[in-house]
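J.: Below are the structure tokens for one structure; questions will follow.
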Amino acid sequence: MQLRYTFRIEPGPGQRAALARAFGCARVVYNDALRAREDARRDGLPFPKTGDLSKLLITNAKQTPERAWLGEISTVVLQQSLRDLDAAYRNFFDSLKGQRPRMNAPRFKSKRDKRQAVRFTANARWSLTPGGKLRLPKIGDIPVRWSRPLPSTPSSVTMVKDAAGRYFASFVVQTDPSETLPETAGEVGIDLGLTYFAVLSDGRKIASPRFFRRAERKLRKAQQSLARKTRGSSNRKKAVVKVARAHARVADARKDFHHKLSTTLARENQAVHVEDLAVKGLARTRLAKSVYDAGWSAFVDMLEYKAARYGRVFIRVDRLFPSSQLCSACGLKDGPKPLDVREWTCGNCGTVHDRDVNAARNIRAEGSKVAAGQAETQNARGAQVRPVPVPAQRATRTPVRKKQEPTRSCRPTG
């Protein structure tokens, strides 16, 4: 399985300028390639291939006065930008075929995008120095804040600058098969919610941290201060960074909480069962802010790839399964109940249920049935009974913005 290990880096002033040039050059090549393909589609011409675009927009463009500055950065970065465009088109076409969630067509990139990134593969001859610094071609040796060692030699590194002005190095590594943990007898069902972030089938309740709600007052003050600044002024630019850093602290705290909880659950249990929630639907209600603050989707994704990494069984129970209507003791379906009903008594066996704990137990029972059915199907076909690990998700989808025309006449600055 391939995973990403991300570390904070501390580039110097000259290295930040070199990274800004790399971000800008990669963005220009991406936009030029997108424009070439859009023009071909409009004129009814064949779809330009990546090899032809590489020769036209990189090799030949470096020989012209208008694009001579493309030679100031590694060619590998520009080629990876074209591959990113290929991936964007491939994801878009797959979404039209129903092979993945619906996505919009590739859009033009802007220097004002909140996230700037370039990727260096092994062909770029980047390396890690004996002193622990990251050596990049035409950029130099960048100090890295190592929080943990890499499990294996990375195959590529992506340099990222976020909206808060922070720089990160994201390494892609191949995990070691020895990380699979010994089997255990534990099995847990998880009911996600807002009052409690997670209620487990063994009765444990994980409190919801509500990171955004707790920081909402500071965020509001920072945004009000930003609204008072004159557009285009230096003070406004500083206020923008201050707001971005405040939001980044909230996002980092939430991600840290998700990682710690998902790792604990994956290590303690052989099988993990979670209800497949309709997060997009809930995000269109008056509970939208709380739903986004909880971050259920990110947590479930982490739990899924960690279960695969450690050799655990992970099951998503169908969202239509009536987990809150069934009695976990006798199986009686007692019908839907208002959200204010947190405790109820089964009319058949008389068991008094905590609503969330009962739902978690039903999710565990249903997940066990699904897992048993999958194992029987695979066994009947002669395949392995144990589920095969799936690749971990390596990136989150960013919000789709309106299409922007690229600036083609000026040199990129960041």
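The values are calculated or read from the model by the stated rules, or taken from the named source; none is laboratory data. All of these numbers come straight from a predicted model, not from anything done at the bench. Every residue, glycine among them, receives a Cβ derived from its backbone with ideal geometry; neighbour counts consider all protein chains shown. Surface accessibility is based on the protein's heavy atoms, side chains included, excluding ligands, DNA and RNA. Shrake-Rupley method; radii C 1.70, N 1.55, O 1.52, S 1.80 Å.
J.: Note down all Cβ pairs under 7 Å where the first residue falls in region 25-40 and is touching a residue at least 24 places away in the same chain (Cβ under 8 Å), the second is in a helix (DSSP H, G or I) and among the polar types (S, T, N, Q), and they're at least six residues apart or on different chains.
T.: Here the result reads 26/81; 29/81; 30/81, each pair linking region 25-40 to a residue that is in a helix (DSSP H, G or I) and among the polar types (S, T, N, Q).
J.: List every residue pair whose Cβ atoms lie under 6 Å apart, where the two residues are 6 or more positions apart in sequence or sit on different chains, the first residue falls within region 346-357 and is under 17 Å from residue 335 (Cβ atoms), and the second residue, located anywhere, is among the charged types (D, E, K, R) and modelled with pLDDT under 90.
T.: From region 346-357, the pairs are 355/342.
J.: Can you name the residue in region 316-334 that is of a type outside the set (A, V, I, L, M, F, W, C) and more than 37 Å from the chain's Cα centre (by Cα) and is also least open to solvent (accessible area, probe 1.4 Å) among such residues?
T.: In this case the residue turns out to be 331.
J.: Residue check: is residue 20 of a type outside the set (S, T, N, Q), open to solvent by less than 30 Å² (accessible area, probe 1.4 Å) and closer than 28 Å to residue 135 by Cβ? Step through it out loud before you land on a result.
T.: On the way: of a type outside the set (S, T, N, Q): yes; open to solvent by less than 30 Å² (accessible area, probe 1.4 Å): yes; closer than 28 Å to residue 135 by Cβ: yes.
Yes, satisfied.
J.: Can I ask one more? Answer with yes or no whether residue 26 is surrounded by 13 or more Cβ atoms within 10 Å (Cβ to Cβ), within 16 Å of residue 84 (Cβ to Cβ) and either at pLDDT 95 or above or basic (Lys, Arg) (or both).
T.: It is true that residue 26 is surrounded by 13 or more Cβ atoms within 10 Å (Cβ to Cβ), within 16 Å of residue 84 (Cβ to Cβ) and either at pLDDT 95 or above or basic (Lys, Arg) (or both).
J.: Within region 79-95, identify whether any single residue is under 30 Å from residue 306 (Cβ atoms) and in contact (Cβ under 8 Å) with a residue 60 or more places away in the chain, and answer yes or no.
T.: First, the residues of region 79-95 that are under 30 Å from residue 306 (Cβ atoms): 80, 83-84, 86-88, 90-92, 94-95.
Among the residues that remain, those that are also in contact (Cβ under 8 Å) with a residue 60 or more places away in the chain are: none.
No, because not a single residue in region 79-95 is under 30 Å from residue 306 (Cβ atoms) and in contact (Cβ under 8 Å) with a residue 60 or more places away in the chain.
J.: Further, regarding this structure: I'd like the full set of residues that are aromatic (Phe, Trp, Tyr) and open to solvent by 40 Å² or more (accessible area, probe 1.4 Å), limited to region 261-304.
T.: To start, the set of residues in region 261-304 that are aromatic (Phe, Trp, Tyr) comprises 292, 296, 299.
If the condition is that a residue be aromatic (Phe, Trp, Tyr) and open to solvent by 40 Å² or more (accessible area, probe 1.4 Å), then 292 is the only one that fits.
J.: Can you tell me which residues in region 170-186 are open to solvent by less than 70 Å² (accessible area, probe 1.4 Å), closer than 16 Å to residue 267 by Cα and not polar (S, T, N, Q)?
T.: Those that are open to solvent by less than 70 Å² (accessible area, probe 1.4 Å), closer than 16 Å to residue 267 by Cα and not polar (S, T, N, Q): 179, 181, 186.
J.: Looking at region 65-89 only, could you name the residues that are farther than 30 Å from residue 135 by Cβ and either of a type in the set (Gly, Ala, Ser) or modelled with pLDDT under 95 (or both)?
T.: Of the residues in region 65-89, the ones farther than 30 Å from residue 135 by Cβ are 65-66, 89.
Hits for region 65-89 are 65, 66.
J.: Might you let me know whether region 239-257 holds any residue that is touching a residue at least 24 places away in the same chain (Cβ under 8 Å), touching a Gly at 6+ places or on another chain (Cβ under 6 Å) and open to solvent by 10 Å² or more (accessible area, probe 1.4 Å)?
T.: yes
J.: Out of all the residues in region 79-117, which are touching a Gly at 6+ places or on another chain (Cβ under 9 Å) and among the acidic types (Asp, Glu)?
T.: none
J.: Which residue is farthest from residue 271 (Cα to Cα), if the candidates are limited to region 197-216 and must be open to solvent by 50 Å² or more (accessible area, probe 1.4 Å) and either free of Cβ contacts under 8 Å to residues at least 40 places away in the same chain or touching a Cys at 6+ places or on another chain (Cβ under 9 Å) (or both)?
T.: Here the residue is 214.
J.: Say whether the condition of being under 21 Å from residue 107 (Cβ atoms), hydroxyl-bearing (Ser, Thr, Tyr) and within 25 Å of the chain's Cα centre (by Cα) is met by at least one residue in region 25-46.
T.: Taking every residue of region 25-46 in turn, at least one turns out to be under 21 Å from residue 107 (Cβ atoms), hydroxyl-bearing (Ser, Thr, Tyr) and within 25 Å of the chain's Cα centre (by Cα).
J.: Any chance you could count how many residues in region 128-150 are exposed (fewer than 15 other Cβ atoms within 10 Å of the Cβ) and either within 24 Å of the chain's Cα centre (by Cα) or free of Cβ contacts under 8 Å to residues at least 24 places away in the same chain (or both)? Even if it seems obvious, please write down each step before you answer.
T.: We begin by selecting, within region 128-150, every residue exposed (fewer than 15 other Cβ atoms within 10 Å of the Cβ); these are 129-132, 135, 138, 140, 145-150.
Those still in the list that are either within 24 Å of the chain's Cα centre (by Cα) or free of Cβ contacts under 8 Å to residues at least 24 places away in the same chain (or both) too: 129-132, 135, 145-150.
Residues that pass the stated criteria total 11.
J.: Could you tell me which of the residues 194, 219 is assigned to a helix (DSSP H, G or I) and open to solvent by less than 70 Å² (accessible area, probe 1.4 Å)?
T.: 219
Conditions tested, residue by residue: (1) under 25 Å from residue 210 (Cβ atoms); (2) of a type in the set (Ser, Thr, Tyr).
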| residue | (1), (2) |
| --- | --- |
| 284 | yes, no |
| 309 | no, no |
| 317 | no, no |
| 324 | yes, yes |
| 345 | no, yes |
| 362 | no, no |
| 367 | no, no |
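J.: Tell me the residue from 361, 342 that is over 15 Å from residue 272 (Cα atoms) and open to solvent by 80 Å² or more (accessible area, probe 1.4 Å), please.
T.: The match here is 342.
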